[in-house]
Amino acid sequence: MSRKSKRILSFALAVTMTASLFTGCKSKENTSGPTAQSGKTSGVTLTFGSHQSGLPNSGIVQKLAADFEKQTGVKVDFQISPDDQWRDLIKVKLNSGEAPDIICADVNPLTLPSTINPERYCVDLSSESWVSRMDKDVLPSVSVNNKVYGITFPGKKMYFFIYNKDIFQKCGITKLPTTYAELKGACAAIKAKMPNITPIYEATTDGWHQVLPIAENPEVYLKSDPNLYSELNANKKDLKDIPMMKTILNEEKEMASLGYYGKDYLSNATSNAQEAMAKGKAAMYIAESAFRNQVKTEYPDCKYQYGIFVQPCDDNQTIGVNPASNAYFINKSSKNVDASKKFFDFLAKPENLQKRLDGQPDISEVCWPEIKGRYSAEDQKYIKSHKTIRVFQVSVNYIDNQFMDIGKDIESMFTGSMTPDDVIKSAMKRRDDQAKLQKDPAFTS
């Protein structure tokens, strides 16, 4: 069994055990032993609730928590839930007063209030000493009304096509695709020359990966209307008014129908992408550039060389940037606020930030400028040669919180039960429903 297989098995067991604990956890059960209010923290157990993708697969956060326990006597009990259940589950737990001491949640400036309502449920961390050391670009993602409620670590997220340089060379692909036609041509060349290799590994079962093409390439949407974001947020336009979105959905559907995603893409998972790329079963995969580090870490015998290129959906040549991904918050109702703050202080120490970066091969940087990132010189040169833009889901209201739902609709599009128009109409309805639920004046007046 590979190291990755063993770790996935251990992780699955941890999820199974901790999920049952979390569903039965009550706030009053987190108060055994000394509490933050008494000023004593040794012997306290902090409950840390998260979704699967909220914590690195490498286990580095758990390792840091073990170091924290050795130094302080405070234990951190990680309680992990499936990604597709977490957003609804944490809202229920917060409303019922049963949320864990520390909460991990996906964040961006638009959805934070509706995701966990930090003004009501979370501790104001604005006066903590580490706040001034975080990248200023991520502060809006963990703040509401100029108050900081969360701490975050991963650097900005940028998704590229990761490609196997050796396969490209063997198939005579000498130019990196910069248009959809060129991407399709590269896939055709791979399928013709090496029919046993899947041109693009698409992971549909996770529910979010297939959404990346329409969410991470917003520059093509803005070409015809630079004011599109503000018009969407003011409800003066809707998703049906973005013809390029339908174009990209049609491109995805075509790639699938041509067999460029392979035969098993509807059952593929992101957790298997490293193996597919490391063993040369697939030539391309959409991921962050640090995905290559994961491949080399998990499969040290892999001899392939990998590069990156911008997703050329609808001929896009701009890099989409998400300034933040997930963050940790302290439950205002927790009896262990002081111990939780000490844990955050510990995680923010420079030596532990470095450990976080070193122990998380799937990121290229942390959002703490004092810690040097690990983008290669080649990557830096390539990224600097392209324009960057904030991704769609952190620029337009009521998109990010339906990411998984859109993913399910795209899966239905792949199977033929929905059309690209249906996918857009479905997203529009959810967007309208969510806006009215939030009493957004632009949608209710």
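The values are calculated or read from the model by the stated rules, or taken from the named source; none is laboratory data. None of these values were measured; they are calculated from a predicted model. Using ideal geometry, Cβ is built from the backbone for each residue, glycine included, and neighbour counts are taken over all protein chains shown.
Hey, does the stretch 236-258 have a residue that's in the same structural domain as Gly207 (by TED's automatic domain parsing), touching a strand residue (DSSP E or B) at 6+ places or on another chain (Cβ under 9 Å) and surrounded by 17 or more Cβ atoms within 10 Å (Cβ to Cβ)? Looking for residues that are in the same structural domain as Gly207 (by TED's automatic domain parsing), touching a strand residue (DSSP E or B) at 6+ places or on another chain (Cβ under 9 Å) and surrounded by 17 or more Cβ atoms within 10 Å (Cβ to Cβ), one finds at least one in the stretch 236-258, hence yes. Of the set (1) outside any helix (DSSP H, G or I); (2) closer than 29 Å to Val144 by Cα, all apply to Pro361 but (2). Being of a type outside the set (D, E, K, R), in contact with a Ser or Thr (Cβ under 9 Å, 6 or more places away or on another chain), in a helix (DSSP H, G or I) and assigned by TED's automatic domain parsing to the domain that holds Leu212 holds for only one residue in Ile424, Ile389, Ile410, and it is Ile410.
Can you confirm whether Glu98 is in contact with a strand residue (DSSP E or B) (Cβ under 7 Å, 6 or more places away or on another chain) and among the charged types (D, E, K, R)?
no
Restricting attention to the stretch 187-246, the residues being touching a His at 6+ places or on another chain (Cβ under 6 Å) and farther than 20 Å from Phe309 by Cα number 0.
Any chance you could count how many residues in the stretch 97-129 are farther than 18 Å from Lys342 by Cβ, touching a Ser or Thr at 6+ places or on another chain (Cβ under 9 Å) and either surrounded by fewer than 20 Cβ atoms within 10 Å (Cβ to Cβ) or of a type in the set (Asp, Glu) (or both)?
The qualifying residues number 4.
Only one of the numbered conditions (1) over 21 Å from Asp338 (Cα atoms); (2) free of Cβ contacts under 8 Å to residues at least 60 places away in the same chain is not met by Glu69, and that is (1).
Of the numbered conditions (1) in a helix (DSSP H, G or I); (2) over 20 Å from the mean Cα position of the chain (by Cα), Pro300 satisfies every one except a single condition; which is it? The one condition Pro300 does not meet is (1). In the stretch 138-170, of all residues being free of Cβ contacts under 8 Å to residues at least 40 places away in the same chain and outside any helix (DSSP H, G or I), the one that is surrounded by the most Cβ atoms within 10 Å (Cβ to Cβ) corresponds to Val148. Just one of the numbered conditions (1) within 19 Å of the chain's Cα centre (by Cα); (2) buried (at least 21 other Cβ atoms within 10 Å of the Cβ) is not true of Asp135: (2).
Flag: Asn57 matches the condition of being outside any helix (DSSP H, G or I), surrounded by fewer than 20 Cβ atoms within 10 Å (Cβ to Cβ) and not assigned by TED's automatic domain parsing to the domain that holds Glu298. Scan the stretch 307-326 and tell me whether some residue there is of a type in the set (Gly, Ala, Ser) and closer than 22 Å to Val123 by Cβ. Yes: one or more hits. Residues that are buried (at least 22 other Cβ atoms within 10 Å of the Cβ), closer than 19 Å to Lys425 by Cβ and out of contact with any Ser or Thr (no Cβ under 7 Å at 6 or more places or on another chain) within the stretch 202-235 comprise Val211, Pro213, Ile214, Ala215, Tyr221, Leu232, listed in sequence order.
Scanning the stretch 401-432 for residues that are touching a Phe, Trp or Tyr at 6+ places or on another chain (Cβ under 9 Å) and modelled with pLDDT under 95 turns up Phe403, Met404.
Pairing each residue of the stretch 429-444 that is more than 11 Å from Tyr398 (Cα to Cα) with any residue that is hydrophobic (A, V, I, L, M, F, W, C), provided the two are 6+ apart or on different chains, yields C-beta distances under 8 Å for Ala442/Ala234; Ala442/Ala435; Phe443/Ala435; Thr444/Ala435. Within the stretch 36-77, the set of residues being more than 30 Å from Ser271 (Cα to Cα), modelled with pLDDT under 90, touching a helix residue (DSSP H, G or I) at 6+ places or on another chain (Cβ under 8 Å) and polar (S, T, N, Q) comprises Gln37, Thr41, Ser42. Meeting the requirement of 3 or more residues that are more than 29 Å from Ser325 (Cβ to Cβ) and either at pLDDT 95 or above or of a type in the set (S, T, N, Q) (or both), the helices (runs of 4 or more DSSP H) wholly within the stretch 178-288 are 180-193, 243-257. On inspection, Trp86 passes the criterion of being among the hydrophobic types (A, V, I, L, M, F, W, C) and under 22 Å from the mean Cα position of the chain (by Cα). For the stretch 305-328, taking the residues that are polar (S, T, N, Q) and assigned to a loop (DSSP other than H, G, I, E, B), the one that is surrounded by the fewest Cβ atoms within 10 Å (Cβ to Cβ) is identified as Gln305.
Of the residues in the stretch 88-105, none is assigned to a helix (DSSP H, G or I), of a type in the set (Val, Ile, Thr), outside the structural domain of Ala287 (by TED's automatic domain parsing) and over 18 Å from Gly54 (Cβ atoms). Summed over the stretch 379-409, the residues that are farther than 30 Å from Thr205 by Cβ, free of Cβ contacts under 8 Å to residues at least 40 places away in the same chain and not basic (Lys, Arg) give a count of 2. For the stretch 329-387, the set of residues classified as hydroxyl-bearing (Ser, Thr, Tyr), at pLDDT 95 or above and surrounded by 20 or more Cβ atoms within 10 Å (Cβ to Cβ) consists of Ser334, Ser340, listed by residue number.
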